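To start, the structure under review is shown below, and the notes come after it.
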C-alpha cells in the first residue's frame, strides 16, 4: 500500500479515498534550529515521514505538512519561523472544519515538534464542541520507554532536541541532510529560573544541542521509527473502530 498524499491527488481521487477510509492525517512540524549538524526542517520532515508511513498502514489521507510551529525560544536564530500558539490552534481548527465538510470522519494530528502539543490539545478540546468529528493528536507515543530501549545517552531533563534521538531519526529518514562531523554533546547547566521565567532554551545551549548527538545511528532511528509507527497505527485503528461502533 502506498501513502495517499492529498497534494498530489485529483478531487476525484480524494473523493474515492474518503469513501474507502474517511480518515485524514495532518502532519505538524516547525522551522527552527537543530544544532549545526541538522537542518531547520527536522520536525516537519519527521512528521511528514511518520504520516506517510501511517497512510501506508491505514490508507488514511495525508494533508500537506504544516512547516511552522511555536518556536519562540529560537526566534533570534537565523532561519527560525515561529507562529503564536493561538494561531496554530486556529489553523488546526480551520483544517478540521474544512475536511469535515466533505466526508472526513476522523482527523489525526501528527506532530514532530514538542511545543505544538499544547495547541493540539486545546484545539482538539474546542473542536469537540464544534464538530461531529473526533480529532486525536499524536507525538511519539511511549517516548520514554523507547528512549530507554534504544538510546545510549540520557535526555536533558526529559527534553529531546537535536540529540541522539532526533539525529538518529534523521539518519534513518534523511541521512543526506545530516552532517555528523558537526554533531556534538552538550548538557548545559540548568538555571533555577528555567521554566519559571522567560529564560529560554535559545540562551542556555551554545550549540543548540541538548543531549549527545554523537551517539546517533541510522539503526537506532530505524528501530525507534518502527516502534512509533506500530503504536500510532494501533491508536488510529482504535479511534476509527470506536467511531464506527458509536462509542
Residue 233 versus residue 128: modelled label distance in nm, points set 7 Å from Cα along the beta carbon direction: 2.9
Relative contact order %, the chain, counting alpha carbon pairs below 8 Å whose residues are six or more apart: 21
Residue order, fewest to most beta carbons within 10 Å, for 180, 232, 170, 1: 1, 180, 232, 170
Cα long-axis angle, helix 218-245 against the chain (0 to 90 degrees, to the nearest 10): 30
Overall dimensions of region 104-247 as given by Cα atoms, namely Rg and Dmax in Å: 17.9, 53
Shape parameters for the chain, alpha-carbon atoms, Rg then Dmax in Å: 18.3, 57
Label-point separation, residue 145 to residue 222 (7 Å along Cα→Cβ), nm: 2.3
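Bear in mind that the values in this text are calculations on the coordinates, not laboratory data. Since we're looking at a predicted model, the values are computed, not measured. Using ideal geometry, Cβ is built from the backbone for each residue, glycine included, and neighbour counts are taken over all protein chains shown.
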